[in-house]
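The values are calculated or read from the model by the stated rules, or taken from the named source; none is laboratory data. Here the structure is a predicted model, which means the values were calculated and not measured. Here the Cβ is made from the backbone with ideal geometry for all residues, glycine too, and neighbour counts use every protein chain on show.
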């Protein structure tokens with residue numbers, strides 16, 4: 001794998017993987033391709049160049065931009081319109097063109113170069129109504145899944161890969177699932193070597209968090225820069241729960257997958273923090289107050305937004321059995337790392353994370 005292309009390479013996930021891989025791999029050429037549409041991604045350009053990663057300003061929707069990259073042995077497909085709310089109340093054109101048509105262009109590039117693919121999909125491929133039908137217990141500060149579930153692929157550990165896929169999931173989730181299906185056809189028809197990671201909430205330093213995506217960083221940023229937050233949906237009490245995965249833990253997994261791509265080809269893995277690395281909005285607020293030493297107002301809105309989910313936890317059993325990987329950075333470590341990063345870059349990040 002001497003030539004690696006990271007799509008969405010100036011974004012949070014793409015830049016984190018590109019920087020991490022070039023630091024631990026000798027003699028590799030890594031190209032980060034990005035259209036710089038997401039505000040804040042431009043802040044990663046100096047970081048990438050200083051780390052030895054080549055940057056190409058391009059868009060996966062344009063196959064010509066991909067052709068200009070040069071030789072490719074591996075594509076790490078991180079590019080996406082990442083908002084679950086994309087398309088609600090407006091046109092789905094951008095999310096479909098980027099997350100589906102763009103993926104097809106990437107798969108064609110891989111076929112032409114006989115390159116391997118690591119595809120970052122999403123836990124949002126699972127239908128929101130089915131996820132919200134899971135049995136749960138309501139505690140003082142969070143919701144928790146109970147052990148015995150009537151729905152296949154679910155337990156107190158979270159959601160496994162055999163969880164049902166029938167039902168609506170958001171346009172974002174639908175485009176990711178469609179891309180997975182196409183990828184499987186490329187594996188079967190063309191012998192493509194590829195792995196799919198259905199990621200839960202990814203977070204850590206260099207994520208430009210906002211209301212529709214990147215909530216963990218947004219929560220800490222509000223406590224540093226000021227501004228209001230709001231518990232939205234499920235009664236407005238802030239008890240909804242997500243597991244979260246530090247970008248460096250994802251890097252550890254991707255590195256293993258690259259090294260064992262031949263034996264892992266065709267596998268689909270749920271990837272996340274799991275029960276041990278999960279928190280409710282209430283618990284996130286408490287951590288932010290503790291770490292930052294600041295308290296800000298929290299509003300309450302009981303009404304759910306489209307595709308809102310009460311609780312999502314990742315069952316990492318399959319990926320652990322296949323690779324030996326498990327996340328090692330806990331919730332406190334995640335928030336501490338985000339806090340330290342914002343404080344270190346407080347002035348540069350203010351226009352992106354401090355606006356409200």
Review point. Can you find even one residue in segment 270-279 that is touching a residue at least 40 places away in the same chain (Cβ under 8 Å), closer than 23 Å to residue 178 by Cβ and assigned to a helix (DSSP H, G or I)?
Key: no
Review point. Say we look at segment 39-54 and pick out the residues that are within 16 Å of residue 17 (Cβ to Cβ) and surrounded by 20 or more Cβ atoms within 10 Å (Cβ to Cβ); which of these is modelled with the lowest pLDDT?
Key: 41
Review point. Do the conditions hold for residue 84, that is, is it assigned to a helix (DSSP H, G or I), under 24 Å from residue 182 (Cβ atoms) and within 19 Å of the chain's Cα centre (by Cα)?
Key: no
Review point. Within segment 6-56, can you find the residues that are under 21 Å from residue 248 (Cβ atoms) and part of a strand (DSSP E or B)?
Key: 6, 7, 30, 32, 34
Review point. Of all residues in segment 1-29, how many are surrounded by 20 or more Cβ atoms within 10 Å (Cβ to Cβ) and closer than 16 Å to residue 205 by Cβ?
Key: 10
**Study point:** Residue check for residue 32: without any contact (Cβ under 8 Å) to a residue 60 or more places away in the chain and buried (at least 18 other Cβ atoms within 10 Å of the Cβ)
**Key:** yes
**Study point:** Residues that are surrounded by 12 or more Cβ atoms within 10 Å (Cβ to Cβ), in contact with a helix residue (DSSP H, G or I) (Cβ under 9 Å, 6 or more places away or on another chain) and not in a loop (DSSP other than H, G, I, E, B), drawn from segment 291-319
**Key:** 291, 292, 298, 301, 311, 312, 314, 319
Point to revise | Any chance residue 180 is assigned to a loop (DSSP other than H, G, I, E, B) and touching a strand residue (DSSP E or B) at 6+ places or on another chain (Cβ under 6 Å) | key: no
**Study point:** So residue 238, is it at pLDDT below 95 and in a loop (DSSP other than H, G, I, E, B)
**Key:** no
Point to revise | Check on residue 71, in a loop (DSSP other than H, G, I, E, B) and either without any contact (Cβ under 8 Å) to a residue 40 or more places away in the chain or closer than 19 Å to residue 258 by Cβ (or both) | key: yes
Review point. Mind checking which pairs have a first residue in segment 327-356 that is at negative phi and surrounded by fewer than 16 Cβ atoms within 10 Å (Cβ to Cβ) and a second that is part of a helix (DSSP H, G or I) and at pLDDT below 95, Cβ under 9 Å, 6 or more apart or different chains?
Key: 345/43; 348/43
